[in-house]
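Written out below as structure tokens is the structure these notes cover.
No value in this document is a laboratory result; all are computed from the given coordinates. In this text, all values refer to a predicted model and were calculated from it rather than measured experimentally. Note that we place each Cβ from the backbone using ideal geometry, even for glycine, and neighbour counts take in every protein chain shown.
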Amino acid sequence: MTLNDYVSPGRCMVLDTADKRTALAALAEQVALDLPGIAGQAVLDAVLEREEAMSTRIAPGLAMPHARLSQTDRTLAAVLVSQQGIAYDPSDEGRVHAVVMIVGGEEGHLQALAAVAERFQDSAMLDRLRLCRSGSDVFQVLSGSVPATDGVAQLDGPSRILIRQGLALAQEVAAGAILVYTDIPIERDASVMEPFDRPLVRVCSRSAVSASFPSEDARAQRLEFPFSGANPQSRMDLTLLLALARGCIRQGDRVVNVLGFANPSSLDTLVLSDADRTYRFFFSESGNDEFSDMDQSVLIRALQVATELACEGREGKAVGALFVVGDDQAVLAHAQQMVMNPFRGYEESERNIMDPGLTETIKEFSHIDGAIIVRGDGVILSAGAYLRSKAPVEGLPSGLGARHVAAAGISAATRALAIAISESTRQISLFRFGKRIMTL
């Protein structure tokens, strides 16, 4: 789900105030209008109670106050923009220019937080919002109906030719889909889009996935690529996994990839992939879903945190880390706490990997010796856990250290997926059934 599923034009506003309580009260009143039987003061009280526990300023210029209400099952968002900036956190001199309030029931709360965080990954979003003069302007910017630039770029000649070749190849090999990796819209153009009888998916960044381009062919789907810092090969591998999770491609499909290896902004390469061969370890022999206890969005989120950590490190230094996702009861049977568990004692809703407010906390604890153990629904159970397994592990490449051996061992003994980050190479390895199934 995207931010558009939670916000509406009536819950967007521009209010030139520097006072935090005034801003929160205005947002609470707007949310309450769409929650029958719930007063604005009740919404404000719930949000302020959450603020007392921890500030919700999650990034420079951005705050996401939120609260759960037992009186409703709906989850709503309201957005306020302040040009002068709000003095939001006394411990921080920086001002907040966009406040996104999320209020509602337990169901969908974390998904809404994640949707907001993803939308604001676009570094230019805050700058565009500060230019808004009305709530309608704010909604248009958030929904992407206002392009990020004055003009819309067009694919160059070689790129258009390559798309035609990709469509022809997809037709010839009966591919399940063709994935085109570009932020530039694919226009309605018979010379490019015909013959067109295969699903075409444009893989693009967060800002491009929601932007409205009137001239784009409606038959081209869009798939957001939420990972940062990936090289072209890793980008393709992660996209195929994401496409499987989102249902854009299916088990058994062949897929034609059109992307730029030499220059990401220009298409220059055709790659034919086989989902079964590339991801054979993600499927059981019977074809049943071996990830039945793991939410697909949790797997994607864990990979997203891992790729960011591998690219950024901590304080400018490379770090190693180990995440184990799914089959938590079996994993815990093979785990021993090495240090005091920093996640112990917190409510499950406060320690879910899907919560963007926990990203820096997760990264900080990830390089402690041991593993971070994540339940299939995203709840973080432990950090700094020592994994011991007697399951045989064979065929590991030479040069892999104890972290990778532990990842292979726990994946052999359980149905969990293990994600190991190498401190020396920054390479990410995925382990399943005791084998390294993918490197990024």
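So, R0 is 45 Å and r is the distance between the beta-carbons of Thr439 and Ser8; what FRET efficiency does that work out to, to 0.05? Could the numbers behind the result be given before it?
On the way: r = 43 Å, r/R0 = 0.96.
That gives a FRET efficiency of 0.55.
On a straight-distance basis, which lysines could pair with Lys317 in a cross-link, Cα separation under 20 angstrom, same-chain partners fewer than 8 positions away excluded?
Lys363
Measuring from centroid to centroid over Cα atoms, what is the spacing of segment 376-433 and segment 1-46 in Å?
44 Å
Give me the distance in nm between label points sitting 7 Å out from Cα along the Cα-to-Cβ direction at Leu33 and Thr269, one decimal.
According to this spin-label approximation, the distance is 5.1 nm.
Which residue, chosen from Val393, Ala413, Ile428, occupies the Cα position most advanced towards the positive end of the dipole of segment 381-440, where the dipole is computed from +1 (Lys, Arg) and -1 (Asp, Glu) charges on Cβ about the Cα centre?
Ala413
Would you please name the trypsin sites (Lys or Arg not before Pro) within segment 1-64 that are DSSP coil residues with at most 14 other C-beta atoms within 10 Å of their C-beta?
Details: sites: Arg11, Lys20, Arg21, Arg50, Arg57; in loops: none.
When the trypsin sites (Lys or Arg not before Pro) of segment 1-64 are filtered for loop state and at most 14 Cβ neighbours within 10 Å, nothing remains.
Given Met13, Ala87, Leu69, which one lies farthest toward the positive end of the charge dipole of segment 3-143, if we put +1 on the Cβ of every Lys and Arg and -1 on the Cβ of every Asp and Glu?
Checking the options against the dipole of segment 3-143, the answer is Met13.
Could you give the nm distance between label points at Ala245 and Ser70, where each point is 7 Å from its Cα heading toward the beta carbon?
3.4 nm
Please compute the length gained on full extension between Arg314 and Glu394, using 0.36 nm multiplied by the number of residues separating them and subtracting their Cα-Cα distance. Present the calculation step by step, with values, prior to reporting the outcome.
Values: separation 80, 0.36 × 80 = 28.80 nm, distance 3.22 nm.
Result for the pair: 25.6 nm of gain on full extension.
Given R₀ = 30 Å, FRET efficiency for Gln41-Asp89 by Cβ-Cβ distance, to 0.05?
0.85
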